[in-house]
1. Mind checking the full-extension length gain between Ala6 and Glu32? Use 0.36 nm per residue of separation minus the Cα-Cα distance, one decimal, nm.
2. Kirkwood Rh over alpha-carbon pairs of the range 1-95, then Stokes-Einstein at 4 °C and 1.567 mPa s: what D in µm² s⁻¹, rounded to an integer?
3. Can you give the FRET efficiency to the nearest 0.05 for Arg17 and Glu58, using r as the Cβ-Cβ distance and R₀ = 25 Å?
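Only the coordinates and a few stated rules stand behind these numbers; no lab work does. Computed from a predicted model, the values in this text were never measured in an experiment. Ideal geometry is used to build each Cβ from the backbone, glycine not excepted, and the neighbour counts take in all protein chains shown.
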Amino acid sequence: MQNPNAFYAPLDELTLRRAQRGERTAFAEIYERYKRPCFTLAMRVLGEPAAAEDVVQEVFVRLFEAIRRFRGDAPFGAWLRRMVANATIDELRRRRWLESDDGLDLHAASAPGLTELPERQLEAWQMLMRFPPRARAVLVLHEVEGYTHKELGAMFGQSESFSKSILARALDRLQASLHALPEEAVHVRVHSA
């Protein structure tokens, strides 16, 4: 899977200024540089390639206007990553997936086009997709993307304890599901890593 630090690939000041003036070629350079990490984040949270592509398209349409207001208080990639994270949460809300908090689905976890991933990455992807959407979003945004519980609470319009609670329950379910697997499967997975 994509390195989350790809959002922090430096964007040169000239390209940023040109994009802020509305130069389409500069905006196209930004798109080429950041489209993959944007898609990867959206895919991790949403689990559906088409939904992830829609979110990326929506973010870059918003970015075309919003980039003029970028002040540089944070690195550009961090600012863009936050836009993607917020857009994925909005998409979960639109689909009412945030209301779902079912347990892990031990049979779910495939998406078209993932078979070309290396085996360990595919296994990680499949485990992630077993989480209900809200738990997966909190898990990805906290554990992979590094958002704090306070930031997640604000993004979800909830308290900080909301994020902590969702993450704790998700990790408890994951631990329980691992204990439910035959010992040979857990042993092989742990020792083959």
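1. So the extension gain works out to 8.1 nm.
2. 97 µm²/s
3. 0.55
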